[in-house]
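Rule-based calculations on the coordinates, nothing more; no lab input. Everything numeric in this text was worked out from a predicted model, so none of it was measured. Backbone-built Cβ (ideal geometry, glycine too); neighbour counts: all protein chains shown.
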Amino acid sequence: MNTEEWNPGKLLSLSGNYWATCALHAGVKLDIFTVISDRLLTGQKIAEKLGGDARGVIMLLNALASMSLLIKKNEGYSNTAFSNSFLSKESPQYLGYIIMHHHHLMASWNELDKGVITGKAVRSRASFDNPEVRENFLMGMFNLAMNIAPQIAGKIDLSKKRHLLDLGGGPGTYAIHFCLNNPSLLATIYDQKTTRPFAEKTIAKFGLSERIGFQDGDYVEKDITGTYDVAWLSHILHGEGPEDAQKIIQKAVSALEPQGMILIHEFVLNNDMDGPMFPALFSLNMLLGTEKGQSYSEKQIVEMLAAAGVMEIRRIPVQTPNDSGVIQGIVKG
């Protein structure tokens, strides 16, 4: 249970913190950090490059400088080392895609009260059909996964495994890092057809096109073809209610050989469902955008695995941002 100590100042700071969030989103959406790059530019010059009003642009630049995302010197602005690394598109560490994904979610969060009272989504999944929205989502997931996939791949021994199923694998970040860590491992990403171009482009960048394939399909509605000895399910259960989450696990188990390994990666709630904070808030995000999705507790995930005939279930000790966890099990022989 969270025992946060509150005071009026802290409460009001939380309430108004979306101002800073909106300033960050605007800076990324306008690509200000890429425009500045490694130069010192005046506010007027930046406004000209953006094709914007100098007064408005300079106000935003000053706000970003107040947040220590820009450095102001006289009338000039430059990136900090951090913003150059994570907010400029010229950097391989760019996090702008996931920030823009958060931006696209904001309208639905503004209707959280409506979602809570009705118990229904206020954000349509059809919005992801928009190419820009879908790119920001997929590449945003890539941004996040690139920060933790190498760590997780190093914690899980797949040296004796031959073929990994990355169910709902998106651009394939985890499949890529599992294959990089295990030179004899092959992988298949199973995801929606619209995801294929992003996945194939990402796989090719890592030189793994010969080892990682892609299957089009809806893992809720369709069966999984092929036989595998390890299945990786990263952040797909939370998009579904308990019944479909159980169905997904059962389908993954059915595609595994005897003694095959299943790995569930999720934002894991405690068994009282009241923390940690990020998984609890993420459950609200699923309320806003899905029919029955939610965050799950460790107990719930363990019970779903056991119901699918999985044994030797345990949580792998990994430390990740946003309190995600990995739960492993072995399919009965």
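Here the translational diffusion coefficient of the range 89-229 follows from Stokes-Einstein with Rh set to the Kirkwood radius across Cα pairs; for 10 °C and 1.306 mPa s it amounts to 96 µm²/s. For residue 213, the residues whose amide H sits under 5 Å from its own are 187, 188, 189, ignoring neighbours fewer than 5 places away on the same chain, with H placed 1.01 Å from N. Need one word for the range 146-331: rounded, prolate or oblate. Basis is the Cα gyration tensor (sqrt eigenvalues a ≥ b ≥ c); a/c below 1.5 gives rounded, then a/b vs b/c decides. Cα axes put the range 146-331 in the rounded bin. The structure shown yields mean projected area of the Cα convex hull in nm², and of the options (i) 20.7; (ii) 18.8; (iii) 28.0 that calculated value carries the label (ii). Note on the range 99-253: with charges restricted to the Cβ of Lys and Arg (+1) and Asp and Glu (-1), its dipole about the Cα centre is near 300 debye.
For the range 226-233, backbone phi angles converted through the Karplus equation (6.51, -1.76, 1.60; θ = phi - 60°) give residue-by-residue couplings of x, 10, 9, 10, 8, 10, 10, 10 Hz, Gly and Pro being listed as x. Going from the residue with the fewest nearby Cβ atoms within 10 Å to the one with the most, 191, 113 rank 113, 191. Calculated mean residue ellipticity at 222 nm for the chain: -14000 deg cm²/dmol, from DSSP H runs with n ≥ 4 weighted as -39500 (n - 2.57), summed, divided by the residue count and rounded to 500.
For the range 23-88 versus the range 108-180, the spacing of their alpha-carbon centroids is 30 Å. Annotated for the range 37-182: lysine pairs at least 8 residues apart or interchain, Cα distance under 23 Å, count 7. In the chain, a dipole from Cβ-located charges (positive for Lys and Arg, negative for Asp and Glu) runs towards its positive end, and of 47, 138, 15 it is 47 whose Cα lies farthest in that direction. 3J(HN,Hα) couplings calculated from phi for the range 94-101 with the Karplus curve 6.51 cos²θ - 1.76 cosθ + 1.60 (θ = phi - 60°) are, in sequence order, 3, 10, x, 5, 5, 5, 5, 4 Hz; Gly and Pro show x.
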